[in-house]
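These notes are about the structure you will find just below.
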Amino acid sequence: MDLKILVTAGDGIGPEVTGEAVSILKEIAELGGRDFSFAEKRIGGVAIVNDGAPLPADTLAAALESDAVLLGAVGGNEFNALPPDKRPEAGLLQLRAALGGFANLRPAFAFKELAINSPLREEVVAGADILFVRELLGGLYFGQPRGWNKSEENGGGEAWNTMRYTRGEVARLARIAFSLAQKRRRKLTSVDKANVLEVSQLWRATVNEVAMEFPGVQVEHQYVDAMAMHLMNQPRNYDVVLTENLFGDILSDESAVITGSLGMLPSATIGGKVNLYEPVHGSAPDIAGKGLANPLGAILTGALILRHSGGLEAEAAAIEAAVRKVLEQGYRTPDLARGNTAGLTVLSTKEMGAKVRETVKEQLLAPSR
Ligand code: NAD
Ligand code: IPM
Ligand code: MN
């Protein structure tokens, strides 16, 4: 078996977009005579409804036995009244914790062809190429204590969460981020709130210590509020952006503005027992089931599986090149066709998946290879 992949498609547009990613991975396996296996398990809202829990035991067991997990998205409006530990999102957080990956890589690349779709000026965004390295197992998401005292004292309730990091948690992530920066443009921007938070002061001090191990990488620090602005003003100024869990969640969605759509962003989580792969976007209840979802984020996530779990760099690059080619040819899902649509062909989720699949096939069968 070359690659054993568990697909947890989840809710909303999750099954629509992972379906396209899987069909491309299957095509690649067939073309290269490789043995990829795909199993499917429930997670999120669909698991709450069918199994009574957002992360059923058999899903977790299958995930731990696989080489890679591809997750679609979890969540739905019908679960909004549930407490955090009962919601679909809890299933994803439990899965992340169990798989142990702490380094969430979120590349945000502005394809020149999509610059027109960004509300930012083309000369500001075109060619921007940022790799967010988001801490995924700590901070406010997992810090203790957390809770909600619903008693009538304090005027009807008090709730709290804790942003907590150890030096070791920051250092192990920073080492991954610096190593990645070394192979890219050798610039690392660490984002924190060290003007207010002790946890950010520890973060900054630890990043500076790790920086000494990587003298070839230029390091700078930004406060998260200013960074939110700089990212929009001069996205091409950034290479690797290292940050904690919640800041990374927010900044990576913000970077969707640079890439043209949230539906363009892939991610890979490494450093644990089994790597977890997810497009950055959520279940998009507003467009679910209509064939409107952009599958390119999920398809590019498939490329990351091949690169980080399969060691198949050429095949990963072929997917990325195919996405670029399809965009060059003017094919778009509706989220990518908001500006000037002259000369563009708007496709459904499945049609876009099929275009990329055909193009990957052409690339891999091309005589020059
Ligand atoms: P969302 O990412 O689902 O959607 C935000 C906006 O972007 C929506 O207008 C949506 O239509 C659009 N969008 C997202 N992905 C798209 C795609 N592939 N193609 C075209 N348009 C796309 O965020 P939300 O609406 O804030 O959250 C909806 C649910 O998803 C919530 O329950 C949230 O907790 C969950 N969520 C899950 C994940 C995950 O499972 N990894 C990530 C983020 C949000
Ligand atoms: C993401 C999502 C998740 C997160 C939620 C659904 C738990 O927003 O992957 O960006 O906050 O990490
Ligand atoms: Mn998010």
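The values are calculated or read from the model by the stated rules, or taken from the named source; none is laboratory data. Because the structure is a prediction, the values reported are computed rather than measured. Cβ sites come from the backbone with ideal geometry, for glycine too, and all protein chains shown count toward neighbours. Protein only, heavy atoms only, side chains kept; ligands, DNA and RNA dropped before computing areas. Shrake-Rupley method; radii C 1.70, N 1.55, O 1.52, S 1.80 Å.
Assigning unit charges at the beta carbon (Lys, Arg +1; Asp, Glu -1) and nothing else, what dipole magnitude in debye, to the nearest 20, does segment 219-263 show about its Cα centre? Walk me through the numbers on the way to the answer.
Working: 1 positive and 7 negative charges, 37 e Å.
Roughly 180 debye for segment 219-263.
Taking segment 235-303, which trypsin sites (Lys or Arg not before Pro) meet the DSSP loop condition and have no more than 16 other C-beta atoms within 10 Å?
Details: sites: Arg236, Lys273, Lys290; in loops: Lys273, Lys290.
Taking segment 235-303 and a limit of 16 other Cβ atoms within 10 Å, the loop trypsin sites (Lys or Arg not before Pro) found are Lys273, Lys290.
In Å², what does the accessible area per residue of segment 163-266 work out to with a 1.4 Å probe?
Heavy-atom SASA per residue in segment 163-266 reads 42 Å².
Check which residues have an amide H placed less than 5 Å from Phe132's amide H, if you skip close sequence neighbours.
Result for Phe132 returns Arg106, Ala108, Val241.
Name the longest site-free stretch of the chain, where the excluded sites are GluC sites (Glu not before Pro) in a DSSP loop with no more than 16 other beta-carbon atoms within 10 Å. Spell out each step's value before the answer.
Working: sites that count: Glu65, Glu152, Glu213.
With GluC sites (Glu not before Pro) excluded where exposed in loops, the chain gives 214-369 as its longest stretch.
When the accessible area of the chain is computed with all protein chains present and a 1.4 Å probe, what percentage of it is carbon and sulfur?
On the way: 8080 of 15610 Å².
In the chain, the share of accessible area belonging to carbon and sulfur is 52 percent.
Rolling a 1.4 Å sphere over the protein heavy atoms, what is the accessible area per residue of segment 1-151, to the nearest Å²? Provide the component values of the computation, followed by the final result.
Numbers: 6170 Å² over 151 residues.
Here the residues of segment 1-151 average 41 Å² of exposed surface.
Among residues other than Ala9 whose Cβ falls under 12 Å from its Cβ, what is the net charge (Lys/Arg +1, Asp/Glu -1)?
Working: positive: Lys41, Arg42; negative: Asp11, Glu16, Glu20, Glu40, Glu278.
Summing Lys/Arg as +1 and Asp/Glu as -1 gives -3.
GNM on the chain, C-alpha springs below 10 Å: top fluctuator among Asn154, Asn275, Asn104?
Asn154
So what are the ³J(HN,Hα) numbers for segment 9-25, from phi and the Karplus equation (6.51, -1.76, 1.60; θ = phi - 60°), rounded to whole Hz, Gly and Pro as x?
With coefficients 6.51, -1.76 and 1.60, one gets 6, x, 10, x, 7, x, x, 5, 7, 5, x, 6, 4, 5, 5, 6, 4 Hz.
Excluding Arg307 itself, what net charge comes from residues whose Cβ is under 10 Å from its Cβ, given Lys and Arg +1 and Asp and Glu -1? Numbers along the way, then the final one.
On the way: positive: none; negative: Glu313, Glu315, Glu320.
That works out to -3.
Testing the spin-label approximation: label points 7 Å from Cα along Cα→Cβ at Arg34 and Thr345. State their distance in nm.
If labels sit at Arg34 and Thr345, their model points lie 2.8 nm apart.
Pop a pseudo-label 7 angstrom from the Cα along the beta-carbon direction at both Arg236 and Gln182 and give the gap in nm to one decimal.
Each label point is offset 7 Å from its Cα along the Cβ direction, giving 2.9 nm.
In what order, largest first, do His281, His230 sit by accessible area if the probe radius is 1.4 Å? Please list the in-between numbers first.
On the way: His281 15, His230 40 Å².
Most to least solvent-accessible, the answer reads His230, His281.
Amide H of Val74: which non-local residues (sequence gap of 5 or more, or other chain) have their own amide H closer than 5 Å, using H built in the peptide plane?
Residues meeting the criterion, in which the H sits 1.01 Å from N, are Asp11, Ser283.
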